[in-house]
Amino acid sequence: MPDISLTMIVLLCLAALAAGWIDAVVGGGGLLLLPVLLLGLPSHTPAAHALGTNKAVAIIGTTGAAVTYARKAPVDVRTAVRIGLAALAGSSAGAFFAAGMSTEVLKPVIMVVLLGVAAFVILRPAFGTAPATGPATRRQILAAIGLAGLGIGFYDGLIGPGTGTFLVLALTAVLHLDLVTASATAKIVNCCTNAGALATFAWQDAVLWQLAALMAVFNLAGGTLGAHTALKKGSGFVRVVLLTVVFALVGNLAYEQWIA
């Protein structure tokens with residue numbers, strides 16, 4: 001366990017709970033959890049350790065959400081697994097490049113990514129509100145494997161925050177899914193990206209396992225609750241949560257980067 005106060009450990013666990021809920025509803029729990037880890041861990045802690053610990057926590061909550069969705073949502077598990085295997089390869093490759101990345105590089109990159117997500121969702125108010133019109137074509141599945149699998153998987157291993165959100169957006173756009181079904185599919189894919197990145201970080205000894213195990217319990221509870229909430233409330237609710245999370249985190253990161 002790193003040398004941090006009991007108060008900070010409690011705050012990290014509460015952040016893991018909230019991040020699990022957010023991640024299950026719309027993806028992007030890492031947008032909350034990673035910045036909190038970067039702030040809460042001792043200043044001398046390498047950024048790779050925050051990234052690796054984030055993955056160890058997130059994979060538990062994501063798995064819990066994926067199981068909940070798979071039981072109740074109309075998920076094409078076979079397609080999700082195929083995309084997920086490509087994502088696993090992509091995230092493993094991305095994690096190799098993450099070891100040398102500094103905290104000062106991470107924060108501005110996350111802000112740019114968040115603003116791009118917000119602009120896309122605002123400019124497309126009907127995005128993800130209509131149910132799928134039929135099964136995905138071979139071309140759509142291959143496009144999803146390339147974009148959501150290899151592309152976003154690589155980003156997940158390299159940086160991580162927002163992966164679930166990007167998966168939801170990509171799967172909705174490419175496979176024409178509604179936001180709830182896209183969230184359900186994204187959880188299965190995200191389990192694979194987390195596994196690939198975590199294996200690499202573990203091999204590099206960049207995971208704080210004791211802290212991660214404690215936070216993972218809270219993340220699992222949040223993820224399971226979030227999946228139930230999204231299934232009950234529907235796509236409109238998911239969209240509102242997405243925009244709320246994005247703007248709140250952009251404001252927080254901007255404050256930390258340029259004002260605090």
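The values are calculated or read from the model by the stated rules, or taken from the named source; none is laboratory data. The structure displayed is predicted, hence computed values, not measured ones. Here the Cβ positions follow ideal geometry from the backbone for every residue, glycine too, while neighbour counts run over all protein chains shown. All accessible areas refer to the heavy atoms of the entire protein, side chains included, with ligands and DNA or RNA removed. Shrake-Rupley method; radii C 1.70, N 1.55, O 1.52, S 1.80 Å.
Things to note:
Matching residues to (1) out of contact with any Ser or Thr (no Cβ under 7 Å at 6 or more places or on another chain); (2) modelled with pLDDT under 90; (3) within 15 Å of Leu158 (Cα to Cα):
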site	(1), (2), (3)
Asn54	yes, no, yes
Ile60	yes, no, no
Ile83	yes, no, no
Ser92	no, yes, yes
Gly100	yes, yes, yes
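- Verdict on Ala119 being surrounded by fewer than 21 Cβ atoms within 10 Å (Cβ to Cβ), at pLDDT below 85 and within 26 Å of Pro2 (Cα to Cα): no
- Residue in the stretch 20-30 that is more than 21 Å from Thr244 (Cα to Cα) and of a type in the set (Phe, Trp, Tyr) present: no
- Considering the stretch 16-39, and only residues there that are small (Gly, Ala, Ser) and open to solvent by 10 Å² or more (accessible area, probe 1.4 Å), the residue that is nearest to Ala206 (Cα to Cα) turns out to be Gly30.
- Qualifying residue in the stretch 75-85 (condition: part of a helix (DSSP H, G or I), more than 17 Å from Leu171 (Cα to Cα) and open to solvent by less than 10 Å² (accessible area, probe 1.4 Å)): no
- Only one entry of Thr53, Thr7 meets the criterion of being surrounded by fewer than 22 Cβ atoms within 10 Å (Cβ to Cβ), part of a helix (DSSP H, G or I) and either of a type in the set (Ser, Thr, Tyr) or without any contact (Cβ under 8 Å) to a residue 40 or more places away in the chain (or both), and that entry is Thr7.
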